[in-house]
Amino acid sequence: MKKQPRKPSSPNPEGRREFLKKSALASSFLIVPRHVLGGPGFIAPSDRLHIAAIGAGGKGHSDIVNASVGGRERVVALCDVDFSGSAARTAEQFPKAKRYADYRVMLEKEKGIDAVTISTPDHIHGPAASFAMQRGKHVYVQKPLTHNIREARMLTQMARDQKVVTQMGNQGASNPLLGMVQQWVDSGVLGAITKVEVWTNRPVWPQGFAMPAPDPAARPEALDWNLWLGPAPETPYIPNIHPFNWRGWWDYGTGALGDVGCHLIDIPYRTLGLTYPTDAEASVGSVYTRMWTPDYHPEGCPASSFISLHYPETEKTGAPVTMTWSDGGIRPAHPALVPADMDIGGRNSANGVLIHGENGIISTNINDSSPLMPKLFLNDGTREFGPEVEEMPEPEYGHQRKWVDACKAGFGSEEHLALTSSFDYAGPMTETVLMGNLAIRSYMLRRETEEGRFEFFGRKKLLWDGDAMQVTNLDEANAFVGRTYREGWEM
């Protein structure tokens, strides 16, 4: 990203800067040094970032807690559609924060908010981030950045246009041990890099069957189901979707790829300098509950899938790259260079990345807050391993704290440019993750023939024009580039 002159962060509320206005000359502000106000290290109230959480339960709890930096910053508001669940703990921790159910109402009423964390189900990420950025708020958005490719492209450009500081919540991107993997790649010891294999044990939630039937009578009294649905189609309350199992349904979630793709694919995408893939191809596991007829549930993610993506050569790879993704517990074959009794990727080989070069292999674990466990195996017998246990001097490698510091330093500042997942990076990387989901959904496309049978016409390699953001050889697949929004939730 091109370095820009340092600019101030979003305007703070008038009340916090009233004392500055009184000393203003014409249109200029008089800046009072901190040490004059309160001695070395003193943080004036006007310097405290005013933060709000959109989604205060589950991961939202740690996101807003870490963004508060041990109370250094001020949490002024919390938004959640259900404060009877895990969001209750967050509300107890920040008793002075005002509570809201609708983030749109919160951001319109609380003019003093500088920045927001967004830790909602995937389908809310894009609309909430867009609404906040349009109002000049800095945003921290949980992975995946968005529910679909179009939204990721929009948020990436919007962050530049609005000049707000952004960060996606793939916290392992701030893990300093990634530097070891980057050093191995940059050193050229692998030679030409041609293949990457990525895999996960997800889904670890119910997935691969028909959507449960609605049951309005089962709705928890404290849950605002209409707000939970947000941009998704209107439907009566569906049990066992909130607060976690939404991940397996396309209207709300993004499946295994959305859950950990931005952790796992981040490693090769970042270290190899990848760009848009040129194509995508999928296959999914079939489930048979009756003879000869596979179950067909296109409204939900499959129990397992296998994705192939191809990328142009980069300076880091020296050759075009094939990346494969597998989920549902299916993992790659054990490479000959790795001892048979040694895990590949992470512990029990449950999740991981293998980067294959002509001279050897890099093996790493999932890049969240798990031990990265980087390992290098070369054909000449050279081996180099990172630590099995990592030290983490601050929560989640300081991923949220670094974003907060960048918000205070301003758009284009050194702190901003040093962020590992600002939208300039996280947007394109999320697009490559979501290309896998586009291929999966296209794989399930079917139409009835004159003979009364079904033809699955999307089961082909999909050619992708990244700049134009479209599939060029199957127009029906482009329906999955974006989505249809319920009135009032459009982007």
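Brief remarks on what is shown
- Qualifying strands (runs of 3 or more DSSP E) (wholly inside region 254-361; at least 2 residues being surrounded by fewer than 22 Cβ atoms within 10 Å (Cβ to Cβ)): 279-284, 305-311, 321-326
- Of Ser130, Ser174, all but one fail to be surrounded by fewer than 21 Cβ atoms within 10 Å (Cβ to Cβ), farther than 16 Å from Asp259 by Cα, modelled with pLDDT of 95 or more and not aliphatic (A, V, I, L, M); the exception is Ser130.
- Matching residues, region 146-165, being touching an Asp or Glu at 6+ places or on another chain (Cβ under 8 Å) and either outside any helix (DSSP H, G or I) or at pLDDT below 95 (or both): Thr146, His147
- Meets criteria (farther than 19 Å from Trp325 by Cα, touching a Ser or Thr at 6+ places or on another chain (Cβ under 9 Å) and in contact (Cβ under 8 Å) with a residue 40 or more places away in the chain) for Gly398: yes
- Residue pairs meeting the criteria (Cβ under 7 Å; at least 6 apart or on separate chains; first under 25 Å from Gln470 (Cβ atoms), in region 124-149; second hydroxyl-bearing (Ser, Thr, Tyr) and not in a loop (DSSP other than H, G, I, E, B)): Pro144/Thr430; Leu145/Thr430; Thr146/Thr430
- Qualifying residue in region 237-253 (condition: closer than 18 Å to Ser308 by Cα, in contact with a Lys or Arg (Cβ under 8 Å, 6 or more places away or on another chain) and small (Gly, Ala, Ser)): no
- Considering residues of region 395-439 that are assigned to a loop (DSSP other than H, G, I, E, B) and of a type in the set (A, V, I, L, M, F, W, C) only, the residue nearest to Asn148 (Cα to Cα): Leu419
- Test: residue in region 178-196 that is within 18 Å of the chain's Cα centre (by Cα) and buried (at least 24 other Cβ atoms within 10 Å of the Cβ): no
- Looking only at region 434-472, and only at residues there that are of a type in the set (Val, Ile, Thr) and within 18 Å of Pro312 (Cβ to Cβ), the one that is surrounded by the most Cβ atoms within 10 Å (Cβ to Cβ): Val471
- Scope region 455-491; condition outside any loop (DSSP other than H, G, I, E, B), among the hydrophobic types (A, V, I, L, M, F, W, C) and without any contact (Cβ under 8 Å) to a residue 60 or more places away in the chain; matching residues: Val471, Ala477, Ala479
- Scan of region 367-381 for residues that are assigned to a loop (DSSP other than H, G, I, E, B) and in contact with a strand residue (DSSP E or B) (Cβ under 7 Å, 6 or more places away or on another chain), ordered by number: Leu372, Met373, Pro374, Asn379
- Against the numbered list (1) in a loop (DSSP other than H, G, I, E, B); (2) out of contact with any Phe, Trp or Tyr (no Cβ under 6 Å at 6 or more places or on another chain); (3) modelled with pLDDT of 95 or more, Met392 comes up short only at (3).
- Among the numbered conditions (1) crowded, with 16+ Cβ neighbours inside 10 Å; (2) over 21 Å from Ser174 (Cα atoms); (3) more than 23 Å from the chain's Cα centre (by Cα); (4) not charged (D, E, K, R), the only one that Ala409 does not meet is (2).
- Test: residue in region 406-415 that is of a type outside the set (Asp, Glu) and free of Cβ contacts under 8 Å to residues at least 40 places away in the same chain: no
- If the condition is being within 28 Å of Ala418 (Cβ to Cβ) and of a type outside the set (A, V, I, L, M, F, W, C), then region 374-387 contributes Pro374, Lys375, Glu384, Gly386, Pro387.
- Only one of the numbered conditions (1) under 20 Å from Arg483 (Cα atoms); (2) touching a His at 6+ places or on another chain (Cβ under 9 Å) is violated by Pro220, and that is (1).
The values are calculated or read from the model by the stated rules, or taken from the named source; none is laboratory data. From a predicted model like this one, the values you see are computed outputs, not experimental measurements. Positions of Cβ are generated from backbone atoms using ideal geometry, with glycine treated the same way; all protein chains shown enter the neighbour counts.
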